[in-house]
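See structure below.
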Amino acid sequence: MSNTIIVGAQWGDEGKGKIVDYLTEHADVVVRAQGGNNAGHTVIHDGQTYILHLVPSGILWPDKRCVIGNGVVLDPVALLGEIDKLAAQGIEVTPEKLAISDRAHLTLPYHPKLDANRESVRGGKKIGTTGRGIGPTYADKVERSGFRLADYQDPVALAEKLAAKVVEANLILDAAGVEPLDLEAVGNALNAALERLAPFTRDTAALLHREIKSGARLLFEGAQGTYLDIDHGTYPFVTSSNTTAGGACTGSGVSPRAIDHVTCVAKAYTTRVGAGPFITENQAFSDRMHGMGREFGATTGRKRRCGWFDAVLVAHACRLNGADGLAVTNLDGLDGIETIKICTGYRLRGELHDVPPARVEDWEAAEPVYEELPGWPDTPTAGAPEIGSLPTAARSYLDRLAELCETPIELVGVGPDRSETLVV
């Protein structure tokens, strides 16, 4: 396997964690390059469930190296909690296995409070943020007033800067009637966390360049999905980072010229967590999935909104990301359905469109144009041992998705376990 980027082709929750975990066998280094602990990757192996938010999925492999790049916003307390939970599950996270960029920006206790306050004042126009403080952290980064891991090298300057930021945040929180933060408590917690993280911290861009020069194979793990991208997503119902393939380069310090392959990941249907437009959303389909115990967010536990596969959405994502291949997950979620729909176009004010609109108002006004395919109600795909053993109708469905998305399918998921992944 060459240097490969894994990126979501929908609104996140496509099963990227499982695909990354599966492909890690053929990689040497797994890199996370954007987002924060608003991401949630669920990986199931040998009956054990691992839920990861900041640590790359490759950590579950004993002989692989993981990197959290400069583009990630890092809640140090949350990261340590994740590391401790992994240790309790028998996965030791050591500085030899995990490196964290000294240029990664820090999510501090006032960021989630500001996040919640901003969401509350939106009233009926809430974005549906996870409340983890990701947006305010990226806002500080862009305003050039944020904290990076490297700032721990000068504790005096760090303390002065932190005091000023806590005072600033408390003014906003006090005006909103929110309990202010205690500077001493914030400082003590931050210092204790950064002291534990110091052995993991280094210049990860330089580390990755050395790895590439030595012939190592890199696997980049995307967080969220294409349509949560701050530029290309359903703005303003998006996250605060570039979730597309280009973000893997800026968020890691690895040149685009070092990338050999991009794989987009999409569910065999469509899901979304939180607010925002969703053209193929279907309540009956959602109820069916929730009734099966499926489609609950790994980060928030919220019910995911569900609908039919949107080929307009995924085809455009494949173009944006320069996808060489497509991984289709959760095919087994369609087991038992008589007739399956695929959205092949959007009808907007009487005109047919084959690319997503820019304005959120147009997203909300558009109607899906469907084609119908026969399902495979009597022959489940769950646990199928190889691609050739899938029902004929399921293989025809996959062929049609590849045709509409103009991208060959490389992998198919037929269950949650690592082993339930079929190579096409």
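Below is a table of values for the structure above.
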{"quantity": "Out of Val55, Val20, sole residue that is part of a loop (DSSP other than H, G, I, E, B), β-branched (Val, Ile, Thr) and buried (at least 24 other Cβ atoms within 10 Å of the Cβ)", "calculated": "Val55"}
{"quantity": "Sole exception among (1) closer than 20 Å to Glu420 by Cβ; (2) charged (D, E, K, R); (3) touching a residue at least 40 places away in the same chain (Cβ under 8 Å) for Arg65, by number", "calculated": "(1)"}
{"quantity": "Test for Leu219: is it farther than 25 Å from Thr130 by Cα and in contact with a Leu (Cβ under 7 Å, 6 or more places away or on another chain)", "calculated": "yes"}
{"quantity": "Positions within region 141-156 being among the aliphatic types (A, V, I, L, M) and farther than 27 Å from Gln34 by Cβ, in sequence order", "calculated": "Val156"}
{"quantity": "Residue match in region 77-98 (condition: charged (D, E, K, R), part of a loop (DSSP other than H, G, I, E, B) and closer than 15 Å to Leu149 by Cβ)", "calculated": "no"}
{"quantity": "Pairs with Cβ under 6 Å, 6+ apart, first in region 360-380 and over 11 Å from Cys343 (Cβ atoms) and assigned by TED's automatic domain parsing to the domain that holds Leu390, second outside any strand (DSSP E or B) and polar (S, T, N, Q)", "calculated": "Trp363/Thr234"}
{"quantity": "Meets criteria (over 29 Å from the mean Cα position of the chain (by Cα) and more than 28 Å from Gly251 (Cα to Cα)) for Leu158", "calculated": "no"}
{"quantity": "Candidates Arg395, Arg418 - the one that is touching a Phe, Trp or Tyr at 6+ places or on another chain (Cβ under 6 Å), in the same structural domain as Val312 (by TED's automatic domain parsing), crowded, with 16+ Cβ neighbours inside 10 Å and under 22 Å from Lys18 (Cα atoms)", "calculated": "Arg418"}
{"quantity": "Residue satisfying all of: in region 353-369; surrounded by fewer than 16 Cβ atoms within 10 Å (Cβ to Cβ) and within 24 Å of Ala323 (Cβ to Cβ); farthest from the chain's Cα centre (by Cα) among these", "calculated": "His353"}
{"quantity": "Check on Cys306, touching a residue at least 40 places away in the same chain (Cβ under 8 Å) and buried (at least 17 other Cβ atoms within 10 Å of the Cβ)", "calculated": "no"}
{"quantity": "Evaluation of Val29 against (1) modelled with pLDDT of 95 or more; (2) closer than 29 Å to Gly276 by Cβ (one fails), failing number", "calculated": "(2)"}
{"quantity": "Qualifying residue in region 111-131 (condition: within 22 Å of the chain's Cα centre (by Cα), outside any loop (DSSP other than H, G, I, E, B), modelled with pLDDT of 95 or more and not polar (S, T, N, Q))", "calculated": "no"}
{"quantity": "Contacts under 6 angstrom Cβ, first residue in region 182-210 being in a helix (DSSP H, G or I), partner among the polar types (S, T, N, Q), 6 or more apart", "calculated": "Thr204/Ser101"}
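Yes/no per residue for (1) surrounded by 15 or more Cβ atoms within 10 Å (Cβ to Cβ); (2) over 29 Å from Leu60 (Cβ atoms); (3) not basic (Lys, Arg):
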residue	(1), (2), (3)
Ile100	yes, no, yes
Gly135	yes, yes, yes
Phe147	yes, yes, yes
Ala163	no, yes, yes
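The values are calculated or read from the model by the stated rules, or taken from the named source; none is laboratory data. Values in this document were obtained by computation on a predicted structure and should not be read as measured data. Quick reminder, even Gly has a Cβ in these numbers, built from the backbone with ideal geometry, and neighbours come from all protein chains shown.
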